[in-house]
Amino acid sequence: MTEQLTRGQQVMSVSFNPGQREDVAAIKQIFADAYDEIDKWINSKPNPSLDQESDIIHLANTAKMFLETAQMYAVKAVTR
């Protein structure tokens with residue numbers, strides 16, 4: 001049976017590693033874990049106000065976007 005990927009693992013494409021490099025796999029998993037932690041934290045917030053919720057979602061989305069970018073450049077750095 002295949003293990004279900006987390007949202008972070010899906011976004012960071014942890015299963016795409018044609019060179020089967022351990023360093024690439026480790027980097028992708030680190031960023032996937034950070035992505036999942038942000039999602040977990042957002043989902044645990046008890047009833048924020050609309051303003052707070054909007055700010056939280058904006059900050060979380062920005063953080064996740066930068067995680068995706070950082071992961072891409074980290075993989076590029078170790079594969080050059």
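Quick note: the coordinates plus some simple rules give every number you see, no bench work behind them. The structure displayed is predicted, hence computed values, not measured ones. Reconstructed Cβ throughout: ideal geometry from the backbone, glycine too, with neighbour counts over all protein chains shown.
The number of residues in region 37-80 that are of a type in the set (D, E, K, R) and more than 14 Å from the chain's Cα centre (by Cα) comes to 6.
Here G8, G19 are screened, and the one residue that is in contact (Cβ under 8 Å) with a residue 24 or more places away in the chain, exposed (fewer than 14 other Cβ atoms within 10 Å of the Cβ) and not β-branched (V, I, T) is G19.
Look at region 64-80: where a residue is under 14 Å from F16 (Cα atoms) and touching a residue at least 24 places away in the same chain (Cβ under 8 Å) and a partner is part of a helix (DSSP H, G or I) and basic (K, R), sitting 6+ places away or on another chain with Cβ atoms under 8 Å, you get Q71/K28; V75/K28.
Given the condition free of Cβ contacts under 8 Å to residues at least 60 places away in the same chain and under 22 Å from T79 (Cα atoms), answer yes or no: does some residue in region 41-59 qualify? Looking for residues that are free of Cβ contacts under 8 Å to residues at least 60 places away in the same chain and under 22 Å from T79 (Cα atoms), one finds none in region 41-59, hence no. Take the residues in region 22-41 that are touching a helix residue (DSSP H, G or I) at 6+ places or on another chain (Cβ under 6 Å) and among the hydrophobic types (A, V, I, L, M, F, W, C); name whichever of them is surrounded by the most Cβ atoms within 10 Å (Cβ to Cβ). Across region 22-41, the extreme among qualifying residues is F31.
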